Amino acid sequence: VIVTKVLWPKDIGLLKQWICLISNAFNDEAQHDIVVFTTMPWEDHEIFELQAVAAPANLTVALEAPPLEEQLAAMTKEEVTFLRERCGAKENDTLTWFHHCTEPGSNNKANLGYSWQAEFRSYQIWTHPALKNYRYMMWIDSDARIGAKWEVDPIDAMIENDLTLLYAQFPYGSRKNDVEIGNKLTQVYNTSLCGVYADSKYRHIYAKVCKDQPASFEMLGGMHHITDLDVYRNDIHQQFLKAFTGDYRFSRKSDDQMAVTLVAVMEQYLQNKESTDTHKMLTWHERSRNMTLKICHHKTYDGARNERCAANRNNFYHAVKNNFTGLEERCGAFH
């Protein structure tokens, strides 16, 4: 299944181009189902409109969770008070997804909707009912765009090689000497991490484990990856992900790219019988395995700094329309 996430139905224009580019690149042939997660509900006519762009592939628009009001009602009074303090909400203010909230010990702010997406993608997504019938998830951010025809379907590589993870970008962010994450790793896996590294040819990543130390590691980029959902649903990894996101609700600390990285390298570590020997490689880098997907995000293709692409969706469309047979006729209205 191909998966992405948006906040609300106002993102339908963005999604129409996203789907059209995916269809032209490979999904007209592959016919993978598509699931679009949304925080705020859509009208039926909006869903039908998006499904028409994806056809003949099946597309589902799925609510991630109950409305914010219901989630707040399920929290304790203390939890709601703490959240309101983080968001600077006055006594009579109604909390919304657009409130900008801080984290303890940090002055950085993120709106509540963005913090929720990090929590959802770290933990709740793996067991969401909309994905229960699928084994492999191809995640592509809704603001990422495909700029060329695909010569291969990377999900085939996942299946044929029994992989846990295919990824486009590494490294993309890091944590250094994180006591909290080190403790959570140790509680579940009986070890912490002194690093996550790529092999000398950048073909896969692996964990360097260590005992009784704060966690330090680099992580992969979150804009695109393919994961084996059964691995992330495994009890031991669910136990870790629950702890990872469990300090308090709507925390931006629950970083999705960190969660995806840590579970993948710990699964590889466990399958290699608690050895740092990486003879069983479950984490593949796409380009190093001859899969060049040309996914544009943050002005680069596949995270390659020397391959630039347009950030504006209109400019992007005009830059790539000659790369696809029939793209202008099919997707010209969506740029």
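What the table shows:
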| quantity | calculated |
| --- | --- |
| Residues being under 14 Å from R249 (Cα atoms) and assigned to a helix (DSSP H, G or I) - total across the stretch 47-68 | 1 |
| Close pairs from the stretch 121-133: first at pLDDT 95 or above, partner open to solvent by 30 Å² or more (accessible area, probe 1.4 Å), Cβ under 7 Å, at least 6 apart | Y123/K242; W126/R233; T127/R233; A130/T60 |
| Residue within the stretch 252-260 that is touching a residue at least 60 places away in the same chain (Cβ under 8 Å), assigned to a loop (DSSP other than H, G, I, E, B), open to solvent by less than 10 Å² (accessible area, probe 1.4 Å) and under 20 Å from H128 (Cα atoms) present | yes |
| Total residues in the stretch 20-68, condition surrounded by fewer than 18 Cβ atoms within 10 Å (Cβ to Cβ), among the aliphatic types (A, V, I, L, M) and in contact (Cβ under 8 Å) with a residue 24 or more places away in the chain | 5 |
| Total residues in the stretch 192-217, condition small (G, A, S) and assigned to a loop (DSSP other than H, G, I, E, B) | 1 |
| Residue ranges of strands (runs of 3 or more DSSP E) in the stretch 95-166 with at least 1 members open to solvent by less than 20 Å² (accessible area, probe 1.4 Å) and in contact with a His (Cβ under 6 Å, 6 or more places away or on another chain) | 136-140 |
| Members of the stretch 218-248 that are more than 30 Å from K299 (Cβ to Cβ) and part of a loop (DSSP other than H, G, I, E, B) | N234, G246, D247, Y248 |
| Selected residue (criterion: surrounded by the most Cβ atoms within 10 Å (Cβ to Cβ)) from residues of the stretch 69-88 that are in a loop (DSSP other than H, G, I, E, B) and modelled with pLDDT of 95 or more | M75 |
| Index of the failed condition, V231 passing every other in (1) closer than 30 Å to N107 by Cα; (2) crowded, with 19+ Cβ neighbours inside 10 Å | (1) |
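The values are calculated or read from the model by the stated rules, or taken from the named source; none is laboratory data. This is a predicted model, so every value here is computed, not measured. Virtual Cβ from ideal backbone geometry, glycine too; neighbours counted across all protein chains shown. To get the accessible areas, we keep the full protein, side chains included, count just its heavy atoms, and leave off ligands, DNA and RNA. Shrake-Rupley method; radii C 1.70, N 1.55, O 1.52, S 1.80 Å.
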